[in-house]
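The values are calculated or read from the model by the stated rules, or taken from the named source; none is laboratory data. These numbers were taken from a predicted model, which means no experiment stands behind them. Cβ atoms come from the backbone with ideal geometry, glycine included; neighbour counts cover every protein chain shown. Heads up: the accessible areas ignore ligands, DNA and RNA and are worked out on the full protein's heavy atoms, side chains in. Shrake-Rupley method; radii C 1.70, N 1.55, O 1.52, S 1.80 Å.
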Amino acid sequence: MHNFLRQTASKILNQGIPLKNLVIVLPNRRAGLFFTQHLGALIEEPSWMPEIKTIEDVFYEFAEKRPADDLTLIFELYQVYVDLHPEPETFDRFYFWGEMILKDFNDLDQFMADPDKLYHYLAEIKELESDLSFLKESQIDLIRQFWSSFISQDKKHQEKFLRFWQLLKPLYRTFQASLDVSGLAYSGKLYRQVASDLNKIQKPSKHYHFVGFNAFTKTEEKLIKHFITEFGAEIHWDVDSFYILDGNQEAGLFFREYQKDQVFGPTFPKDLPQRIQGKPAKIKSYAIPLKVNQANLVGSILEEIGKEENLEETVVILPDEGLLFPVLHCLPETIDQVNVTMGYPVKNAPVYAFLEAVLEMQRYIKVDQQEVFFYHQPIKNLLSSTYLKSVNDSFCKALLAETQAKNQVYIPRAELVKGGRIFELIFQQLEAKGLFAYLSTLMQELATLLKDDMLQRNYLFQCFKQLTRLREAFEKQDHISVDREFFIRLFRQVFREVKLPFEGEPLQGLQVMGVLESRNLDFRRVIICTMNEDSFPPSGSLNSMIPFNIRRAFGLPVQEQNDAIYAYTFYRLLHAAEDVHLIYTTAADQGKAGKRVAIFSKWRSN
């Protein structure tokens, strides 16, 4: 079976350079583990292994700094915003679009766009019309497309819009200065710093190999080209002629550009591999009515694996992380080793729904004659949870029945606390400043109750770590107050991004992973679930303050590039595959009929 990492390891080994004098740079750590395994299998005698790094490691090493967390950066950005704006909004109103501004700043730096010109030409329409000398004709056309829609807006809307963009230019510059003083940075700032000072990088004592990359940011492209031209570094492409030679294939979008480049072009193989079309492969597609049915189908497919086969050569790709536990529960008993290379969202865990119901309860409290009453709906959700039922099931059932019989809208606290200690802890009225301590105590109490359920305790541990981080960050900001509504919105925003990491032996057993985690890895049997539009690749417009046409004109990433990355990830899974199973659902989702993904349909038609 073809294996890109093994073949690359063999090629590097045959060059005769001592391994201790090499640095291997890969897109992610997972590929690094497999590369090390293949290299170890090829070595015939004891040897020092090369350094294995990700591209992030390389940039942070040269920058001599690592990025700060997003919350700290948003606090810093807010301080700059307050100093610049004559009538600043409160932090809770700023936070959610502050995240977006920070992401835009990161993109500007990663792709080395000129922020002054970008924000200037957004804010100054007259100068935009008169001075476009620095832009190409294609860029001018794209920008004019945007402004034609802008001009159609009413005068008040235009003025408000322009005032906002006029602030972003000084906000970016002042924010950079503020970060320099405080010693903080975001990743894009570090990348730009390194890419702008490449002439300061001393020739490394070790030989660099860049392995298996597909799409570079502008900063990454500059650094790698510098290493190739100045230090003799080598780059190894994982490609196939099927999508490079066909100009309509999204998967080859970046490679076709790199082939034309003076530095990258000569590094491509003279004869492109023909793995996808040059070998027989068994391909099956399945239309399933419901998402959850996919788990049963995956289990049935895996039952066909013979005992003599290596499980490591089979991968299950899950674009939808919510399918992880259904798939794990449907695995046949013959599969005793599984490696999960993806995080499971805490938002899908029962404990998150419980904590969210606890916070929702705080929003609808009524006080009458110094007695506290709670709205019935969140109370019903809490009393129906396994956590409270496991403590006092009879009390929960009796109170739910009484509430329904009396058709109560508000339930007095005096009745709720009769259930026991944890009921007293949960059902209390709180001020916003007490929410951090309240949730911390509640999580610790739940961890005690769930001492025999390690999975739920792990969920709680991840939530507790995130809550502690938030609490420490806010305690350093004495001038910023957190009201209850903002706390609840922040809780939902932050905790829905938290994932439970899985630990295991990555090189053994059935491989279960997300789409992007499969980069550079080759498998004989490939099973991909949820091959639907809006899932593979994920849907959603780019979360940005900069309109699409402006992003495109200034070389910032748009959805087209994201689609190309996912298309490449799909096709490269077919480089070595002999047995492929593609599953999509036909159920309507959010008012749209289930439809298989476009690259799937295009590939099947060839």
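Just a few scattered comments:
- The criterion of at least 2 residues that are open to solvent by less than 50 Å² (accessible area, probe 1.4 Å) and farther than 21 Å from residue 519 by Cβ is met by the following helices (runs of 4 or more DSSP H) wholly inside segment 1-114: 70-84, 91-110.
- Taking segment 262-310 as the range and being open to solvent by less than 40 Å² (accessible area, probe 1.4 Å) and modelled with pLDDT under 90 as the test, the residues that pass are 305, 306.
- Residue identified as within 17 Å of residue 560 (Cα to Cα), modelled with pLDDT of 95 or more and open to solvent by 10 Å² or more (accessible area, probe 1.4 Å) among 257, 230, 220: 257
- Considering residues of segment 322-356 that are of a type outside the set (A, V, I, L, M) and under 18 Å from residue 297 (Cβ atoms) only, the residue surrounded by the most Cβ atoms within 10 Å (Cβ to Cβ): 326
- Qualifying residue in segment 515-528 (condition: more than 16 Å from the chain's Cα centre (by Cα), among the aliphatic types (A, V, I, L, M) and part of a loop (DSSP other than H, G, I, E, B)): yes
- Check on residue 438, more than 19 Å from residue 344 (Cα to Cα), of a type in the set (Ser, Thr, Tyr) and surrounded by 14 or more Cβ atoms within 10 Å (Cβ to Cβ): yes
- Of all residues in segment 46-63, those that are in contact (Cβ under 8 Å) with a residue 60 or more places away in the chain have Cβ atoms under 9 Å from Cβ atoms of residues that are among the small types (Gly, Ala, Ser) and outside any loop (DSSP other than H, G, I, E, B), 6 or more apart or on another chain, in 56/187; 59/187; 59/195; 60/187.
- Number of residues in segment 558-581 that are under 30 Å from residue 121 (Cβ atoms) and either β-branched (Val, Ile, Thr) or open to solvent by less than 30 Å² (accessible area, probe 1.4 Å) (or both): the value is 3.
- Only one of 192, 144, 163 that is modelled with pLDDT under 65 and of a type in the set (Lys, Arg): 144
- Checking each residue in segment 366-400 for being closer than 16 Å to residue 413 by Cβ, among the hydrophobic types (A, V, I, L, M, F, W, C) and in contact with a helix residue (DSSP H, G or I) (Cβ under 9 Å, 6 or more places away or on another chain) picks out 372, 373, 374, 379, 382, 383, 388, 395, 396, 399.
- For the residues 600, 502, 548, the requirement of being at pLDDT below 85 and over 22 Å from the mean Cα position of the chain (by Cα) singles out 600.
- Hey, residue 482 open to solvent by less than 80 Å² (accessible area, probe 1.4 Å), of a type in the set (Val, Ile, Thr), farther than 14 Å from residue 351 by Cα and assigned to a loop (DSSP other than H, G, I, E, B) or not: yes
- A Cβ distance below 6 Å, combined with a sequence gap of six or more or placement on separate chains, defines the contacts here; from segment 465-476, residues that are free of Cβ contacts under 8 Å to residues at least 12 places away in the same chain reach no residue that is open to solvent by 100 Å² or more (accessible area, probe 1.4 Å) and among the charged types (D, E, K, R).
- Search result, residues across segment 537-586 that are farther than 30 Å from residue 172 by Cα and charged (D, E, K, R): 572, 578, 579
- Test: residue 243 is over 25 Å from residue 194 (Cβ atoms) and open to solvent by less than 20 Å² (accessible area, probe 1.4 Å): yes
- Search result, residues across segment 184-207 that are under 17 Å from residue 102 (Cα atoms), open to solvent by less than 40 Å² (accessible area, probe 1.4 Å) and not hydrophobic (A, V, I, L, M, F, W, C): 186, 187, 188, 189, 191
- Just one residue in the set 91, 75, 111, 96 is of a type in the set (A, V, I, L, M, F, W, C) and over 28 Å from residue 217 (Cα atoms); that residue is 91.
- Residue check, residue 483 of a type in the set (D, E, K, R) and within 17 Å of the chain's Cα centre (by Cα): no
- Single match in 402, 431, 415, 445 (criterion: charged (D, E, K, R) and open to solvent by 80 Å² or more (accessible area, probe 1.4 Å)): 431
- Considering residues of segment 517-545 that are modelled with pLDDT of 90 or more and aliphatic (A, V, I, L, M) only, the residue farthest from residue 212 (Cα to Cα): 531
- Subset of segment 478-494 [touching a helix residue (DSSP H, G or I) at 6+ places or on another chain (Cβ under 6 Å) and over 21 Å from residue 364 (Cα atoms)]: 480
- Contact map, segment 219-236: first residue touching a residue at least 60 places away in the same chain (Cβ under 8 Å), second residue among the basic types (Lys, Arg), Cβ cut-off under 7 Å, separation 6 or more or different chains; pairs are 219/192.
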